[in-house]
1. So in segment 133-149, with the set limited to residues that are over 27 Å from the mean Cα position of the chain (by Cα) and touching a residue at least 12 places away in the same chain (Cβ under 8 Å), which one is nearest to residue 62 (Cα to Cα)?
2. Among (1) in a helix (DSSP H, G or I); (2) surrounded by fewer than 20 Cβ atoms within 10 Å (Cβ to Cβ), which single condition is residue 73 missing?
3. What residue, among those in segment 93-132 that are in contact (Cβ under 8 Å) with a residue 24 or more places away in the chain and not in a helix (DSSP H, G or I), is surrounded by the most Cβ atoms within 10 Å (Cβ to Cβ)?
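Bear in mind these aren't lab numbers, they're just calculated from the coordinates by the rules spelled out. All values derive from a computational prediction rather than experimental measurement. Backbone-built Cβ (ideal geometry, glycine too); neighbour counts: all protein chains shown.
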């Protein structure tokens with residue numbers, strides 16, 4: 001029983017002198033790809049929820065709402081559509097990930113998961129364009145550091161999601 005448990009994580013090879021060589025394997029080789037895809041789908045839902053709270057916080061926080069240049073159209077429309085698309089696609093990826101039957105469906109699930117991160121990238125790019133066009137509105141104001149930290153943290157989370165999808169699929 002113990003031998004079977006350890007043999008899942010350690011690959012044993014016999015060489016010509018019958019000595020046992022142990023090679024520790026990468027843990028991701030023993031986790032099924034289906035499980036990783038499901039885990040990424042749950043991560044996509046969590047990221048979409050965090051993105052929704054980021055969007056709402058930046059719009060309704062009195063300090064940030066006065067200095068953010070992307071609170072008005074057309075940048076606000078990009079943010080609203082990004083939140084809606086990210087949320088719907090995250091839910092779709094969870095539904096698809098628990099009903100996969102073929103390799104084609106696995107590809108569709110990973111594309112859906114990546115599109116959640118892409119929606120966040122597009123929204124943050126539009127926000128960055130707004131900040132670049134209206135620098136005096138936010139630079140040097142109270143709350144600038146908080147706004148930049150929020151944007152950078154969303155960017156890092158979206159990048160982590162993208163890398164997780166790329167390396168686990």
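1. If we filter segment 133-149 for residues that are over 27 Å from the mean Cα position of the chain (by Cα), which is where we start, we get 133-142.
From the residues that got through so far, the ones that are touching a residue at least 12 places away in the same chain (Cβ under 8 Å) too are 133-134, 137-138, 141-142.
Details: 133: 22, 134: 19, 137: 15, 138: 14, 141: 13, 142: 11 Å.
The selected residue is 142.
2. The single condition residue 73 does not satisfy is (1).
3. Among them, the one singled out is 100.
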